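To start, the structure under review is shown below, and the notes come after it.
The values are calculated or read from the model by the stated rules, or taken from the named source; none is laboratory data. Quick caveat: nothing in here was measured; it's all calculated off a predicted structure. We place every Cβ from the backbone using ideal geometry, glycine too, and count neighbours over all the protein chains shown. For accessibility, only protein heavy atoms count, side chains too; no ligands or nucleic acids. Shrake-Rupley method; radii C 1.70, N 1.55, O 1.52, S 1.80 Å.
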Amino acid sequence: MKYLKVFLAIACLSFVSCQNKTVHHDGNTSGDDSLRVDAAIVDDSVSEGVINSQNEEENEEDGSEMGWSLNDIRFSDFTAEDWLDNEYIRALRTYLDQYNAGKVENENLEPYKDKIKGKFVIGNTEPFLGGGMFIRIVFLDMPDRFFAAWVYSFVDEDAQKVTGYEVRSVSIQEERTGFTKEEILEIVKEHPELKFW
């Protein structure tokens, strides 16, 4: 039980601390699969394997000559609650639903296909150096493993708003959670802000 409380404390602190982070782009444009989600509607055009040149150009522009990054626009108004419930997570859920329906391919997920069809809970979220959000999740049907996702968001700099979302990678992590299904159910019961997606 002590381990569970430590996990929750770390998860909650990471959400709160992300509110004040400023992250600048490092030029990394690697990714596995892409799925763009505009206004919560999935675009059926999925590019597999590499990020297209348009996306690479957008990544290169994720920093600014003025000293701020697009992540400053993306997350400037985020509250602690927003780090647990946002369009990045919805885009990830849509991507996983599309993957489970056979509409998206992801070699990294194939070995776990039968275990990742159900709901997941957020482990932590934070701004990603390449732009957008890094999300760690735990599937209820695979409670002992973390999965990591990078969800990029497109930004209209003039309007200072996010215009769409794209899942660029999802894969399993080496680190184990140490949780059972029953422990995760108990954590979510005690902390409903950590809802299932």
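Per residue of the range 139-146, in order, report the coupling 6.51 cos²θ - 1.76 cosθ + 1.60 (Karplus, θ = phi - 60°) as ³J(HN,Hα) in whole Hz, putting x for Gly and Pro.
3J(HN,Hα) across the range 139-146, in whole Hz: 7, 4, 7, 9, x, 8, 10, 8.
Can you send over the solvent-accessible area of Y112, 1.4 Å probe, protein chains only, in Å² to the nearest 10?
50 Å²
Taking a threshold of 28 Å on the Cα-Cα distance, which of the pairs K117/K161; K113/K161; K103/K189; K115/K161; K103/K195; K161/K195 fall above it?
Beyond 28 Å between Cα atoms: K117/K161; K113/K161; K103/K189; K115/K161.
Report M142's accessible area, 1.4 Å probe, all protein chains in place, as a number in Å² to the nearest 10.
20 Å²
So what's the range 56-197 giving for Cα Rg divided by 2.2 N^0.38 Å, two decimals?
Against the empirical 2.2 N^0.38 Å value, I get 1.10 for the range 56-197.
Principal axes first, then extents: for the Cα atoms of the range 124-197, list largest minus smallest coordinate on each axis, whole Å, largest first.
47, 27, 16
Modelling each spin label as a point 7 Å along the Cα-to-Cβ direction, I'd like the E183/W197 distance in nm, to one decimal.
2.2 nm
In whole Hz, what ³J(HN,Hα) sequence does the range 174-179 give by Karplus (6.51, -1.76, 1.60; θ = phi - 60°), x for Gly and Pro?
5, 4, 9, 7, x, 9
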